[in-house]
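Asker: Have a look at the structure that comes next, please.
The values are calculated or read from the model by the stated rules, or taken from the named source; none is laboratory data. Note that the structure is a prediction, hence the values are computed from the model and not measured. Please note: Cβ atoms are built from the backbone with ideal geometry, for glycine as well, and neighbour counts cover all protein chains shown. We work out accessible area using only protein heavy atoms, side chains counted, and drop any ligands, DNA or RNA first. Shrake-Rupley method; radii C 1.70, N 1.55, O 1.52, S 1.80 Å.
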Amino acid sequence: METLNKIQKTVNVFKVLTLVAMILSFVTGLLLLTGIGIWHGVNEVGIIDKSDFSFAKLMGYNENIAVIWCAFVTVITDGILLAFTHSYLKHEIADGTPFTERGAAEIKKLGIRIIVLPIVSISICGIICECYGIDPTKDYSNETSVVFGIALIIISMIFRYGAEISRREDIGNAETGEYSE
């Protein structure tokens with residue numbers, strides 16, 4: 001039981017951290033949208049002299065807007081993944097153990113989402129860059145999320161196996177009338 005308590009405390013810490021990171025991701029997305037609006041205002045209306053912005057000297061309007069839009073898509077995708085992660089961690093704490101059927105199913109879905117959503121994000125960024133007529137300036141690789149997603153899918157199988165063992169143990173204890181603490 002000591003190990004389970006350590007697991008639960010660790011999960012609780014990660015639940016808080018994912019909540020903070022999720023909020024920061026969505027706030028960053030909101031700030032990026034604001035930045036897009038300001039940049040459009042600067043460019044279209046000429047409210048501010050664009051030559052005052054050092055980054056405007058490095059890239060043109062299309063490059064700047066595409067980079068900001070791609071950053072927006074990326075942080076929103078990260079926020080969504082963090083929301084799914086937070087949901088899983090919240091359910092795991094409520095269940096009291098990671099070895100449940102529901103937990104195993106949730107972590108498998110999370111693994112699949114960690115593979116798929118970044119691919120969708122990369123595709124959207126590619127479309128954005130194409131629409132603005134620029135080459136993607138960032139290496140949008142998905143290797144890390146694929147590996148992590150596969151690891152979560154494997155972990156879900158281990159959790160499912162643990163849930164099956166626990167269920168068999170509960171059934172055996174119910175038949176014999178013995179229960180351990």
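Asker: For the residue pair I127 and A105, what label-to-label distance in nm results when each label sits 7 Å from Cα along the Cα-to-beta-carbon direction?
Answerer: The two pseudo-label positions are separated by 3.1 nm.
Asker: Shifting gears a bit: Full extension from T34 to V16: what is 0.36 nm times the residue separation minus their Cα-Cα distance, to one decimal in nm?
Answerer: 3.8 nm
Asker: Another question about this same structure. Any idea what the dipole of region 123-169 comes to, in debye rounded to 20, about its Cα centre with Lys/Arg Cβ at +1 and Asp/Glu Cβ at -1?
Answerer: Roughly 360 debye, rounded to the nearest 20.
Asker: I've got another one for you. Taking 0.36 nm per intervening residue step and subtracting the Cα-Cα distance, what contour gain separates V120 from A83 on full extension?
Answerer: 11.6 nm
Asker: Here's a follow-up. Is there a quick way to get the dipole size of region 72-162? I mean about its Cα centre, with the Cβ of Lys and Arg at +1 and of Asp and Glu at -1; what is the value in debye to the nearest 20?
Answerer: 300 debye
Asker: Taking the Cα centre of region 79-129 as origin and charging only Cβ (+1 Lys, Arg; -1 Asp, Glu), how large is the dipole, in debye to the nearest 20?
Answerer: Dipole size: approximately 120 debye.
Asker: Sorted by average packing, counted as other Cβ atoms within 10 angstrom per residue and highest first, what order do 70-78, 101-109 take?
Answerer: Ranking, from highest mean packing down: 70-78, 101-109.
Asker: Can you give me the distance in nm between label points at A151 and N5, each placed 7 Å from the Cα along the Cα-to-Cβ direction?
Answerer: Once both label points are built, they end up 2.8 nm from each other.
Asker: How do K9, K90 stack up against each other in accessible area, from largest to smallest, with a 1.4 angstrom probe?
Answerer: Ranked list, largest accessible area first: K9, K90.
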